[in-house]
Amino acid sequence: MGSGKSTTGKRVAAILRWKFADIDRLVEQKEGMKVPEIFSGRGEEYFRRAESDALREVSAMTRTVVACGGGTPCSAENLQVMKSTGVTVYLKLPVADLVSRLNRPGNDRPLLRNTGSAELSDRVSNLLGERSNWYDQADIIIDAAVTEVEEMTTLIAETVRSKGAYL
């Protein structure tokens, strides 16, 4: 959450002249409600199933850059789908940077609901600890704290091209 997946993904798609898809937006379109509403009304387990369905659907597409939610790669099935159909990227940021981004007005993250500013750092740190083993399996790990967006997008696009994906 807050690492810049959607922003970076859109830029990579533009460089490659590909489509861009956001897993959370796809789930919202299919379910007819926002992610926080799905979490509160139907629960995280329901959301994760819908997220996996959306991932399988978008993974069948060609020439598409996909931004997934922070929990998407955190299952063996999802990670296998991601790695078998594309190049996976982890935009790695320190907890302090993530907290700074997530503290901005308008952020409504279901897994951070009812988390006060004082608790946010602990919650983000715990989530990152739970997920890092999954994230560390990415094809590309970028230190997003010291890498400019332009450099990240170029690196990702070049890696995709080097693996045989062209216009």
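The values are calculated or read from the model by the stated rules, or taken from the named source; none is laboratory data. Small disclaimer: the values here were computed from a predicted structure and weren't measured. Reconstructed Cβ throughout: ideal geometry from the backbone, glycine too, with neighbour counts over all protein chains shown.
Worth a mention:
- Qualifying residue in segment 105-123 (condition: in a helix (DSSP H, G or I), at pLDDT 85 or above and either farther than 19 Å from VAL35 by Cα or over 15 Å from the mean Cα position of the chain (by Cα) (or both)): no
- GLU57 closer than 30 Å to SER121 by Cα and over 12 Å from the mean Cα position of the chain (by Cα): no
- Cβ-Cβ under 6 Å pairs, at least 6 apart or on other chains, segment 57-71 side surrounded by fewer than 16 Cβ atoms within 10 Å (Cβ to Cβ), far side not small (Gly, Ala, Ser): ARG63/TRP18
- Every residue from segment 133-152 that is under 21 Å from LYS83 (Cα atoms) and of a type in the set (S, T, N, Q): ASN133, GLN137
- Only one of the numbered conditions (1) touching an Asp or Glu at 6+ places or on another chain (Cβ under 9 Å); (2) modelled with pLDDT of 80 or more; (3) surrounded by 15 or more Cβ atoms within 10 Å (Cβ to Cβ); (4) not aliphatic (A, V, I, L, M) is not met by LYS83, and that is (3).
- Test: residue in segment 138-154 that is in a helix (DSSP H, G or I), modelled with pLDDT under 85 and of a type in the set (Asp, Glu): no
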